[in-house]
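Input: a single structure, listed below in structure tokens.
The values are calculated or read from the model by the stated rules, or taken from the named source; none is laboratory data. As the structure is a prediction and not an experimental result, all values here were calculated from the model. FYI the Cβ positions are ideal-geometry reconstructions off the backbone, even for glycines, and counts take in every protein chain you see.
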Amino acid sequence: MSVTTTGRVRADSLPFAPVLARPLPSTVTPFPNETVDSYFDRLGAVNQTPGYRLRYPSDWLHCPLNDLELLEVLSGFPRTTLAWALPGLRRHAPEINTPPPPTGWDTGFVCRRCALQRSGIPHRVQVHAPGRRAPLCITHRLWTGLIPVPSEQIDLSITPEIVRAQIRLNRLSRRHPAPFLERVRDLCGGTMVQIERRGLIRNEVTWEALFEASKLPDARRPASPFDPFRMAARYPQTVRLTAMVIARVNRHLADPNADSKKTIAEEFVEQFPLDRNPRTTTGPWLNRFLVGLLNSCTAAASPPPHASQANHS
Ligand SMILES: [Zn+2]
């Protein structure tokens, strides 16, 4: 403090620390792996404020808080909860969880009905690494995998087989490490694409039925085998093949010297009756392809799944 020539008392250059963030009246629970932008947007939406305004509260005053500190104040959730749920905040708290790599993390949208249920308003919830999540919501029967617009997520009400396949995969996930299961599922998905291209088996669910039910314009009819409609239709068989291959891998790991009674091609044909007799070249191709698949999946089982899994599969 100092006294001016006019006798007034003046505060000497006290630092000005504006309070730019206060707890908001309403909060929303973050989704696992949600992006920071998505969470700001949802938090803003339930408080009738644009998300960017929460993040940058003033056009002329600098907010000294980083995103994690700011969201801690705004949302009312502890920093540990926020850093676990939102990978984008972990660089501010590496002691809580390892930050994700700066690039290579795809993003996607969670089920639109889950978003509505959790936020109370229809909103897009964007998450990192959608490929590691289930491509569909069992509760709301919506296919979300690789769909860029939540409003176009595919309604699976007419195809319970697809939902049942995910339930089966979830059961497998309780007994097998996630990286192994994801790898086998992806390899089996690729195998089913190749088999579908050769017209060897018929899908139990047709993508045409799913597409007609979606009421999307004809111009959007799926052309690529990796289109979400075609992936969804193929999913029951992808999961069935995944379960079959994992069982074989486990038998092999339990006793590498035990001869399997059937080749993988024989077992495959038993579980997936062929739509037609393969041509001279297709039969050997199928055999080689499935042996390659089995070898890749066995290699992916390192470190091997728990020994007890062999008894369950
Ligand atoms: Zn849902």
Exercise. In the range 281-302, is there at least one residue being farther than 27 Å from ARG202 by Cα, part of a loop (DSSP other than H, G, I, E, B) and modelled with pLDDT under 95?
Worked result: yes
Exercise. Could you list, in sequence order, the residues of the range 117-127 that are part of a loop (DSSP other than H, G, I, E, B) and crowded, with 17+ Cβ neighbours inside 10 Å?
Worked result: HIS123, VAL125
Problem set entry | Of all residues in the range 140-149 being without any contact (Cβ under 8 Å) to a residue 60 or more places away in the chain and either hydroxyl-bearing (Ser, Thr, Tyr) or assigned to a strand (DSSP E or B) (or both), the one that is farthest from the ligand (Cβ to nearest atom) | THR144
Problem set entry | Residue match in the range 63-77 (condition: away from the ligand (no atom under 16 Å from the Cβ) and under 23 Å from the mean Cα position of the chain (by Cα)) | no
Exercise. Of the residues that make up the range 150-158, is at least one part of a loop (DSSP other than H, G, I, E, B) and either touching a Pro at 6+ places or on another chain (Cβ under 9 Å) or more than 14 Å from the ligand (Cβ to nearest atom) (or both)?
Worked result: yes
Problem set entry | Top-ranked residue in the range 128-139 [being buried (at least 19 other Cβ atoms within 10 Å of the Cβ) and at pLDDT 90 or above; ranked as farthest from the ligand (Cβ to nearest atom)] | PRO135
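Could you list, in sequence order, all residues of the range 194-226 that are among the aliphatic types (A, V, I, L, M), surrounded by fewer than 16 Cβ atoms within 10 Å (Cβ to Cβ) and touching a Ser or Thr at 6+ places or on another chain (Cβ under 9 Å)?
ALA209, ALA213
Yes/no per residue for (1) within 16 Å of LEU294 (Cα to Cα); (2) modelled with pLDDT under 95; (3) not assigned by TED's automatic domain parsing to the domain that holds VAL291:
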| site | (1), (2), (3) |
| --- | --- |
| ALA165 | no, no, no |
| ARG174 | no, yes, no |
| GLN194 | yes, yes, no |
| ARG197 | no, yes, no |
Exercise. Residue check: is ARG202 farther than 24 Å from ASN295 by Cα and among the basic types (Lys, Arg)?
Worked result: yes
Problem set entry | Of all residues making up the range 105-116, the number that are among the β-branched types (Val, Ile, Thr), part of a loop (DSSP other than H, G, I, E, B) and more than 13 Å from the ligand (Cβ to nearest atom) | 0
Exercise. With respect to the numbered conditions (1) closer than 22 Å to ASP186 by Cα; (2) over 18 Å from the mean Cα position of the chain (by Cα); (3) in a helix (DSSP H, G or I), which one is the sole condition not fulfilled by SER224?
Worked result: (3)
Exercise. ILE246: modelled with pLDDT under 90 and among the hydrophobic types (A, V, I, L, M, F, W, C), yes or no?
Worked result: no
